[in-house]
Amino acid sequence: AVEDDFVDMRKDDPQSISADDLHRMLVVSRLLSLSLGQTSLSRDSWLRAKNIETLRRSRMEQHKSVNGNEP
């Protein structure tokens, strides 16, 4: 399910999602699952990780536009 979701995300916007992004979201979703006492990755944790990544990206964009001189 995660692989299919990642492929769909790449189809929607290939430039915005990389292998590093997939790795980051997998780590976050796995940590979320573990924090809930689950022994395997759940769909809910994956969706929460995607949401967290979206929020992180949004904050990074806001930070760039405020400072203007960030790489």
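The values are calculated or read from the model by the stated rules, or taken from the named source; none is laboratory data. Bear in mind the structure is a predicted one, so any value in this text is a computation, not a measurement. Using ideal geometry, Cβ is built from the backbone for each residue, glycine included, and neighbour counts are taken over all protein chains shown. Accessible surface is based on the protein model in full, side chains and every heavy atom, while ligands, DNA and RNA are left aside. Shrake-Rupley method; radii C 1.70, N 1.55, O 1.52, S 1.80 Å.
Summary table
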item: The stretch 1-51 - residue that is part of a loop (DSSP other than H, G, I, E, B) and within 26 Å of residue 61 (Cβ to Cβ) and, of those, most open to solvent (accessible area, probe 1.4 Å); result: 15
item: Matching residues, the stretch 1-35, being modelled with pLDDT of 90 or more and over 13 Å from the mean Cα position of the chain (by Cα); result: 33, 34, 35
